[in-house]
Amino acid sequence: MRLKDTLPNRPLLSDTLSVILPTAEQTWLLRACLHSGESGRRAWEVWQESVSDPKKVLELGTRGVKTLAPLLIMALRRNGVVADHSVLTYLRTAYLREDLRSRIFHRVLGNVLSALTTRGVSQVVLKGAALAETVYDEPALRHSHDIDILLEEGDLFRAASMLSALGFASAREEPGAGQYHVKLTHESGLPVELHSRLFRIPYYTAPLGDMWARSQTQVIAGSSTRILSPADNLLHVCALGTCSGSSDSLRWVCDAWHIIAQYPDLEWDVLFECALRSQLALPLSVTLGYMAEALNAPIPPNLLDRLSVAASRTDSTGRQAALLGALTATRGDLKGLIRMTHGWGPRARVLTWTLFPSPSYLRWAYHIRHSWLLPFYYLYRPLKYIVYRLSLRWRRGAEPKMPQADLTFRKVNS
């Protein structure tokens, strides 16, 4: 669904970046999952009419639809919708499977948090691990693929070493210098990612000191830990929707919706100031604009206006960073970016920024210290992108076309 031209001072690239937003069909399904009353019932009717076989679409799980099944069955019950028996049977089974998976997830998560806390490692739990128990009605309604934890930079590799005793194995023998994210995998198949930064794109420099100070104590999986403040959580999930490669999962939309619903007194001024300091005004103007316009989320119009004005002032490096984030999305290939851009002039700029970014962009994106290396990276980038798109296409082609039992981890009884 494309964002309409309703905001003043509409920033350049708003149309281009809408490639990462849910499609019109997905938006109707999201409304059916998130809205109550007549709006939710109407959304379900429209979505059913837009797909030839609802059960098959849910089974195939294309673009993250499968993970919405628990939310959907709860919404159908809440809204008094009488659905086809085969659809309800599938949704009930999917919910039970997710409930089992959620129990395993939270058992492992509790062990991780307990181990870190016992050894004096400060942590902030992120994403699904933090939100499932705090903004959703029950943990099983939020599919969590992995455990994400923010640590202080000095604790990153110490924590990774500690977790090895819990059955986690690192993908690397020895973490490299300058590494800000470490991924490990539990013997059950559950990944855990330790972060000392919130975003993998280094241009987005979140004010971590202030965010740590605003974080809140919360009991998660039976352990006392910390989570981001509501405003910081909303900023985080919306920004990840544009730059993490997971925008197709649709989880960021559900997370944002539930955060806003759970905290009606959310500190919108704090979110705005944090967006400015993190250089996230442009991507947030797109994601929050979508939430307000397409889903009727109660976001203050004044905030959207301010974000739009700030986004229109984004410099060329910031615009190139936003394009880099969009390119990580499944639909965010170069052809899709060009197609979503209005006007030949803006299309030419998008093409130029994508294929021939500025030297300053390359320096921070690839940590280039010597100017003589720049020509090499101008050749390296397109080759890397081609390999990425081919691998992505191969993975999509290799995905099973029927529902799988992989909503639980490999070892259910681990």
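The values are calculated or read from the model by the stated rules, or taken from the named source; none is laboratory data. Note that the structure is a prediction, hence the values are computed from the model and not measured. FYI the Cβ positions are ideal-geometry reconstructions off the backbone, even for glycines, and counts take in every protein chain you see.
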Subset of the stretch 298-329 (residues that are in a helix (DSSP H, G or I), polar (S, T, N, Q) and within 29 Å of Phe356 (Cα to Cα)): Ser308, Ser312, Ser316, Thr317, Gln320
Unique match (being more than 21 Å from Leu21 (Cβ to Cβ) and modelled with pLDDT under 75) among Ser371, Ser391, Ser360: Ser391
Criterion (out of contact with any strand residue (DSSP E or B) (no Cβ under 8 Å at 6 or more places or on another chain), closer than 24 Å to Leu156 by Cβ and not small (Gly, Ala, Ser)) met by exactly one of Asn111, Asn79: Asn111
Residue check for Thr93: free of Cβ contacts under 8 Å to residues at least 60 places away in the same chain and among the polar types (S, T, N, Q): yes
Single residue of Arg142, Arg119 found to be basic (Lys, Arg) and within 22 Å of the chain's Cα centre (by Cα): Arg142
Residue match in the stretch 10-20 (condition: basic (Lys, Arg) and modelled with pLDDT of 90 or more): no
Leading residue by the ranking (farthest from Gly209 (Cα to Cα)) among those in the stretch 262-313 that are crowded, with 21+ Cβ neighbours inside 10 Å and among the hydroxyl-bearing types (Ser, Thr, Tyr): Tyr290
Residues of the stretch 136-164 that turn out to be hydrophobic (A, V, I, L, M, F, W, C) and in a helix (DSSP H, G or I), as a count: 8
Residue in the stretch 151-171 that is closer than 30 Å to Pro264 by Cβ, under 26 Å from the mean Cα position of the chain (by Cα) and either modelled with pLDDT of 90 or more or small (Gly, Ala, Ser) (or both) present: no
